[in-house]
1. Quick one: which residue in 116, 94, 170 is among the charged types (D, E, K, R), in the same structural domain as residue 274 (by TED's automatic domain parsing) and either touching a strand residue (DSSP E or B) at 6+ places or on another chain (Cβ under 7 Å) or farther than 28 Å from residue 225 by Cβ (or both)?
2. Can you confirm whether segment 185-205 contains a residue that is among the hydrophobic types (A, V, I, L, M, F, W, C) and more than 15 Å from residue 245 (Cβ to Cβ)?
3. Name, by its number, the condition in (1) assigned to a loop (DSSP other than H, G, I, E, B); (2) in contact (Cβ under 8 Å) with a residue 40 or more places away in the chain that does not hold for residue 106.
4. Restricting attention to segment 83-94, report how many residues are modelled with pLDDT under 90 and surrounded by fewer than 16 Cβ atoms within 10 Å (Cβ to Cβ).
5. Would you tally the residues in segment 285-330 being free of Cβ contacts under 8 Å to residues at least 12 places away in the same chain and among the hydrophobic types (A, V, I, L, M, F, W, C)?
6. Run down 200, 207 and say which single residue is modelled with pLDDT of 95 or more, farther than 16 Å from residue 238 by Cα, within 24 Å of the chain's Cα centre (by Cα) and surrounded by fewer than 22 Cβ atoms within 10 Å (Cβ to Cβ).
7. Please state which one of 149, 186, 156 is buried (at least 19 other Cβ atoms within 10 Å of the Cβ) and more than 18 Å from residue 293 (Cβ to Cβ).
8. Determine, yes or no, whether residue 115 is within 16 Å of residue 147 (Cα to Cα), surrounded by fewer than 18 Cβ atoms within 10 Å (Cβ to Cβ) and in contact (Cβ under 8 Å) with a residue 12 or more places away in the chain.
Amino acid sequence: MSGRGRRPVTIYEVAARAGVSIATVSRALRDSELVAAPTRRRVRKVAEELRFRPSRAGRALAEGTHAANGIVFPDLSGPYYAEVVLGYEEVVAELGRSVLILATNGRANAEEAVLELAGRVDGMVIMGRTVPDRVVARIADTGLPLVLLARTPVGLVDTVTADNERSARELTAHLLGHGHRTFAFLGDPGESPDVAGRYAGFRAALADGGLGVPEPTPCVFDVGAGYVAARTLLSGDRPDALVCANDEVALGALRAAEDLGLSVPGDLALTGWDDIMAAHYARLTTVDQSMRVLGATAARWLDERIQGAPTQARRSVLPTRLVVRTSCGVHESGGTT
């Protein structure tokens, strides 16, 4: 029936011939124990006789699924999010699924949008502080597979993060070890769990060194905001060292310092985070985190949940690496100090 020039056999025809529903056909062909053994044998016999070849779309239809994953980002601008998306999409493409992406930045109805997306996908990754914990818990309670990315854990939901506090502590200790004694932190810990971890490590290292801890200077995480915040900060009693929440903020701060006639690193040590490509050219001391690995890990974990993997809640903290370049006033190491 499916020979040359003939249309392919559909799952509906197999179901009709076997006297079962299309969902039962799908389960039987996957050897699911939800279908009795005699029924599985009957469905398989009919499928062989009809030379039926199940498609991904047919399986999704039969199982009431969408063959799509959802991922919720705070924003989509900037190299950090682009790298995480690339890592996520590479894995999802391997798995033969599609991706629905939602950015909550600037949305007045972010919670409603996330809940609506949850009804259209087979599983979802929620990144950062896009929605409150109560919304995460509400979605988890429906049974939808979830993975949290770069945010603090909620209940028994799988969570993937990067090591922020340890590396920030190491970075700050490195600056202290080279004689810097007055510091500023440029970024808003209240807007990002990642930045909260970085500020905590910064604060701990200063306390270890017997120094006072400055309050963070709030700043959104892009070049323009970094420039404005740093120009104001550096126009007053400037610090010896400026620790920035990410590389984009640091690049804005670098431009502000130059516009004020300050030398980096002669007058000011400057550091970032993420090790984006521009940080290499700016000779910026930073922390390398594997952004694509973050996205890829979240995608693999979510697929395992969708497939029904019977595991306990997982917590993964991916390693990061201090990269020393000339912006902090020392010779480059290109690696961990």
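1. On the way: 116 fails: in the same structural domain as residue 274 (by TED's automatic domain parsing); 94 fails: in the same structural domain as residue 274 (by TED's automatic domain parsing).
The match here is 170.
2. Filtering segment 185-205 down to residues among the hydrophobic types (A, V, I, L, M, F, W, C) leaves 185-186, 195-196, 200, 202, 204-205.
Still in the list and also more than 15 Å from residue 245 (Cβ to Cβ): 204-205.
Yes, that holds for at least one residue.
3. (2)
4. First, pick out the residues of segment 83-94 that are modelled with pLDDT under 90: 92-94.
Next, from what is left, pick out any that are surrounded by fewer than 16 Cβ atoms within 10 Å (Cβ to Cβ): 93-94.
Qualifying residue count, segment 83-94: 2.
5. Our first condition is that a residue be free of Cβ contacts under 8 Å to residues at least 12 places away in the same chain; within segment 285-330, this holds for 304, 307-311.
Filter once more, so that each one left must be among the hydrophobic types (A, V, I, L, M, F, W, C): 309.
Of the residues in that region, 1 qualify.
6. Working: 207 fails: within 24 Å of the chain's Cα centre (by Cα).
One residue alone meets the criteria, 200.
7. Numbers: 149 fails: more than 18 Å from residue 293 (Cβ to Cβ); 156 fails: buried (at least 19 other Cβ atoms within 10 Å of the Cβ).
Result: 186 is the single residue among 149, 186, 156 that is buried (at least 19 other Cβ atoms within 10 Å of the Cβ) and more than 18 Å from residue 293 (Cβ to Cβ).
8. On the way: within 16 Å of residue 147 (Cα to Cα): yes; surrounded by fewer than 18 Cβ atoms within 10 Å (Cβ to Cβ): yes; in contact (Cβ under 8 Å) with a residue 12 or more places away in the chain: yes.
When the stated conditions are applied, residue 115 passes them.
The values are calculated or read from the model by the stated rules, or taken from the named source; none is laboratory data. In this text, all values refer to a predicted model and were calculated from it rather than measured experimentally. Cβ sites come from the backbone with ideal geometry, for glycine too, and all protein chains shown count toward neighbours.
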